[in-house]
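Heads up, the thing below is written out as structure tokens.
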Amino acid sequence: MVGSNVGPVGKRERSLLAEGVGLHEAARGVLADHARALEAVRAALAPIHAELVGKELESIPVSRLKDVTEGRLRLGALETAGFASVRAVYEAGRYELRQLPGVGAQTADRALAAARQLARAVGETVSVRMDVDRPEPRTTALVIALRTLVEAGPELRRAVDAATRIDERLGALLPAARPAGGRLRMALAGRERRRSALDAVAELRELTADAGARDVRLLLAQASTDLLREPASEIEAWVDFELRSTEYYSQLAEVSEHRSDVAAVEGFLPSEVAERVHAQVLDDTRRRVSLRGYQDFGARFALAQRRVVLGDEMGLGKTVQAIAVLAHLAADGHSHFLVVCPASVLINWTREIGARSTLRALPVHGAERLEAYEEWRERGGVAITTYDMLHRLPAPDGEGTKPGMVVVDEAHYVKNPDTRRSKAVAAWTGHCERVLFLTGTPMENRVEEFRTLVRYLQPTLLPSIRHATAAAGPHAFRKSVAPAYLRRNQRDVLTELPALVEVDEWEELSAADRAAYLRAVEDGNFMAMRRAAYADAEKSAKLGRLRELVAEAAENGLKVVVFSYFRDVLGTVQQVLEAGQDGLGTGQRARARGVFGPVSGAVPAVRRQRLVDDFTAAPGHAVLLCQIEAAGIGLNLQAASVVILCEPQVKPTMEHQAVARAHRMGQVRPVQVHRLLTTDSVDQRLLHILKNKTRLFDAYARRSDTAEQSPDAVDISDSALARRIVEEEQLRLAGGTGPGQAGAREP
């Protein structure tokens, strides 16, 4: 017998067992709901994938089957029978092949096996693309199925992982603990069974307490709720896809288990470094965004190697990877972090940290920088400051607050160790165990600059970094500097991503910009308000960011199209870019082939096409300037993979059509779209109003043939919008109301 404690123990344990059973059922429910959602995606994906594989096999001549079998296959009879492609063999059955004259059982089986082998290889490489402008039933079904997973968000992965662990543990614990749920059961159980039951109960109590402390039940309940929602309508799904295409493609890559080039994803690191990175855990509890496979690897690399340069090509999400690292460290107990960046991206960093994580972002900039810095020291968070401001902040010492990590964006800014900004960065990074430098500028041909960066991070590597190493090629260079450098290129890792990556580049108006803007508002001049950010080329915040984007594109050999509604803005951009080439380094100058245009309404159609042809034919990097009304329709600009929009457009269809000039059939690289925007200005007001005006029908109509030919059919009145924004900006700047309150009113 168990003794007098059996009664009370059984009563308490009945309650604990019931709680465990409920938790187990919730976990299994989530796993079942998730499995159904995955199966829905796979079922929708299968016919699309099969067609893509079929098209690829159609282009492979049947003679290639001989290569697969190392010449052991005789194809004469198949070719005589009209089997010209691998697809014809692949789609034929064994019985059909064996009926062909001269084709025996062995030949038929070998041919079919070889075709299937090629089909598997092709299936691992083809990428599914959803064309938002030309939706068709099969891709619509796939988008609808994916939306369930996208809507559940990053929390779904956390819930599924928790459910998997709970299912495994409770699947073993509950049967073992069941005798402890009643006095009679416990009395009839043998001594070993009773001991096992009590051990299982103790473990069960610990598990349920931990689940309660971490709100696991709420996490599971929310996941099931998200997974069981009614499927979205076709229009809702496509509109959501257009807004969050990156998340859809990320889910698609995970579900389809698309195999990227592992060596490319890992930046061609040596196996010992790659293994160390894979062993690094990445905690996502403080993160609000899912990572692509290569981004996950990049974040783990920064954590495993501690002091590194992340040199991914522009457009691959270096900021997101850095935020993932900070979120992991925050979950691990670190409280203070520092980001150093150019002033042009300070707002973007602030917004991205708030949107992509639960971390607190504190801009340490401007007149109140010291107050913000003290708040950061006392309360923690991510302090974001600029290169020019960093030297004015008290550097951490033995007694000061040391950041858990220092992130240095656009790290090539500190290539000269003798500058004030470089010395300030050196002072901060010298006191921190973890440092992450971000730069999209390739280092392979800049050995001295790279040595400078490594001197901040891992000076012991300097003897191994020589010009001869870089001369051996980029892969050899990266392997030699693997402990401190990771770079991936778009063409190697973006096969699983959408072909369109959109980034809003928020800037603060400079003093000169602000003065021009205030004059325009006072005059009630809507058009002057829209281009006030370009009034002073030397002090324009937007132009500063534009120069940086173009310079980075030049470093990576990418072509750029710059769109503006205003001819004079394009003239200013042209002057700035052409003058800027004189100050470029030798490598940059070699790639800066020219600035073409502008393509404007005053340029005859034949001349416009010639400009585009010259731009396309230019080797490597080039820039084409286009007035958006003149170049947004009729010209094919797929040579460009970077699009810069100088200001938001009153007619959203105009912007859509302009981007479509580059993001269209024939484009072989993902297209990056950068919108230059300023806070507390007409840009912010315009976007706010247009966002509120968008309706599902409008979004559907915008993709229709009528909308493509007649933007006015779905866009709101220019004059009404201009009048409203001018009035509200005059009121706001006079101290009446802010954009948020004013934006609630409908015209």
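Computed quantities for the displayed model
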item: Accessible area expressed per residue, region 317-394, with surrounding protein chains retained (probe 1.4 Å, Å²); result: 37
item: Under 5 Å, built H, 5+ apart or other chain: amide partners of THR386; result: CYS341
item: In Å², nearest 10: area of PHE596 left accessible to a 1.4 Å probe; result: 40
item: Unsatisfied cross-links (Cα-Cα over 26 Å) in the set LYS415/LYS542; LYS423/LYS479; LYS318/LYS542; LYS318/LYS559; LYS402/LYS423; LYS318/LYS479; result: LYS423/LYS479
item: Built amide H within the under 5 Å cut-off of ARG487, gap 5+; result: GLY311
item: Per residue, in Å², the accessible surface of region 103-183 once ligands and nucleic acids are set aside, probe 1.4 Å; result: 44
item: Whether region 392-441 is rounded, prolate or oblate, judged on the alpha carbon gyration tensor where a/c under 1.5 counts as rounded; result: oblate
item: Distant-in-sequence amide H partners of VAL562 (H built 1.01 Å from N, under 5 Å); result: LEU624, LEU625, CYS626, ILE644
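The values are calculated or read from the model by the stated rules, or taken from the named source; none is laboratory data. In this text the structure is predicted, and so the values were computed from the model without any measurement. Please note that ligands, DNA and RNA were not included when accessible areas were found on the heavy atoms of the full protein model with its side chains. Shrake-Rupley method; radii C 1.70, N 1.55, O 1.52, S 1.80 Å.
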